[in-house]
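The values are calculated or read from the model by the stated rules, or taken from the named source; none is laboratory data. A quick note: this is a predicted structure, and the numbers were derived from the prediction, not measured. In this analysis, Cβ positions are derived from the backbone assuming ideal geometry, glycine residues included, and neighbour counts consider all displayed protein chains.
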Amino acid sequence: MKKYLISFIILACIVGFISCEKEELSFTEGDIQIEIETGEHWLHDFPLLLGISKKNPPQFAIWLEDKAGNYISTVFATYKIATEGWQSNNGNRRKEALPYWCHQRGVVSDDGLLLPTKANPLTDGITGATPKENKTLQLRIRNFTEPIVIKSEFNHSIDFNEFFPDDAKEGDANYSGGDMGSGQPAVIYAGTLNPGDKEMELQMIGYSSPDGSNGNINADMEKLTTAKTIVGKIIITIK
């Protein structure tokens, strides 16, 4: 097991990534393509003022782990979660946004939360604006000799339903940050990529802690509605 973990520590140091639109990518043999197909509820109405709303895409992160569940590296994270770039958040750090990724990453900020900050954001090369349509990521990994687990987590703000309402109280099991919180908690996708594989699809495995207080996965999907169709498919292809 120790030798296995060491091999992934080396792998994490030589991960390369390019985040841009599909038509701008130039793949070479051995590159890993991560293609995110948007679902029916990729865009979500976010209220502004006087009954006006805008169509918001979700916040999300994609990262790598080994088969034992050890975090290796983040491939991509949306700008707001990566830089504390929330507009008019009034000090709300949105710990309920992507809590599973935050806990797996395990980096504690000065305020004790497991979130990047304005002072200590994620590296620019792995952050970007949330796309309003399908997005393709390119990942280059050398010495790919062990299985890699690819995980992703997606979340909308104020995506309430009858199981996760806006009037849930802090401390309740279905509390998700209050009236400007998540509503339905973040959904998690995962898949294992083995050397020699050519293609696989990430599968939804559950949802995160509603209030962001822990890094657990909840497998009971019956309480989710629109959150289950934020994403259409996530396809992994080896070029």
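Annotations for the structure displayed:
- Residues located in the range 218-239, provided they are over 16 Å from Tyr175 (Cα atoms) and assigned to a loop (DSSP other than H, G, I, E, B): Ala219, Asp220, Thr225, Ile230, Lys239
- Qualifying residue in the range 188-207 (condition: assigned to a loop (DSSP other than H, G, I, E, B), in contact (Cβ under 8 Å) with a residue 60 or more places away in the chain and touching a strand residue (DSSP E or B) at 6+ places or on another chain (Cβ under 7 Å)): no
- In a residue-by-residue description of the range 181-201, the property of being at pLDDT 95 or above, surrounded by fewer than 16 Cβ atoms within 10 Å (Cβ to Cβ), of a type in the set (Asp, Glu) and within 16 Å of the chain's Cα centre (by Cα) applies to at least one position.
One line per residue, one yes/no per condition, for (1) out of contact with any Phe, Trp or Tyr (no Cβ under 9 Å at 6 or more places or on another chain); (2) among the small types (Gly, Ala, Ser); (3) assigned to a loop (DSSP other than H, G, I, E, B):
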{"position": "Thr136", "(1), (2), (3)": "yes, no, no"}
{"position": "Arg142", "(1), (2), (3)": "yes, no, yes"}
{"position": "Ile150", "(1), (2), (3)": "no, no, no"}
{"position": "Asn161", "(1), (2), (3)": "yes, no, yes"}
{"position": "Ala168", "(1), (2), (3)": "no, yes, yes"}
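- Residue within the range 103-114 that is modelled with pLDDT of 95 or more and acidic (Asp, Glu) present: no
- Applying the condition of being part of a loop (DSSP other than H, G, I, E, B) and at pLDDT 90 or above to the range 47-67 and asking which residue is surrounded by the most Cβ atoms within 10 Å (Cβ to Cβ) yields Pro58.
- Top-ranked residue in the range 29-66 [being under 18 Å from the mean Cα position of the chain (by Cα) and among the aromatic types (Phe, Trp, Tyr); ranked as farthest from Asp197 (Cα to Cα)]: Trp42
- Filter result (more than 21 Å from Gln104 (Cα to Cα) and surrounded by fewer than 16 Cβ atoms within 10 Å (Cβ to Cβ)) within the range 141-162: Arg142, Asn143, Thr145, Asn161, Glu162
- Failed item, numbered, when Val75 is tested on (1) touching a Phe, Trp or Tyr at 6+ places or on another chain (Cβ under 9 Å); (2) in contact (Cβ under 8 Å) with a residue 12 or more places away in the chain; (3) under 21 Å from Gly177 (Cα atoms): (3)
- Flag if Leu122 is closer than 23 Å to Gly215 by Cβ, surrounded by fewer than 23 Cβ atoms within 10 Å (Cβ to Cβ), among the aliphatic types (A, V, I, L, M) and touching a residue at least 24 places away in the same chain (Cβ under 8 Å): yes
- Selection count where residues are under 30 Å from Ile72 (Cβ atoms) and in contact with a strand residue (DSSP E or B) (Cβ under 6 Å, 6 or more places away or on another chain), scope the range 148-175: 10
- Filter pass, Asn90 being over 16 Å from the mean Cα position of the chain (by Cα), surrounded by fewer than 22 Cβ atoms within 10 Å (Cβ to Cβ), at pLDDT below 95 and more than 16 Å from Ser209 (Cα to Cα): yes
- With respect to (1) modelled with pLDDT of 90 or more; (2) crowded, with 20+ Cβ neighbours inside 10 Å, the lone exception for Asn70 is condition (2).
- Looking only at residues in the range 137-147 that are modelled with pLDDT under 90 and touching a strand residue (DSSP E or B) at 6+ places or on another chain (Cβ under 6 Å), the one that is nearest to Tyr189 (Cα to Cα) is Leu137.
- Residue match in the range 150-159 (condition: small (Gly, Ala, Ser) and under 13 Å from the mean Cα position of the chain (by Cα)): yes
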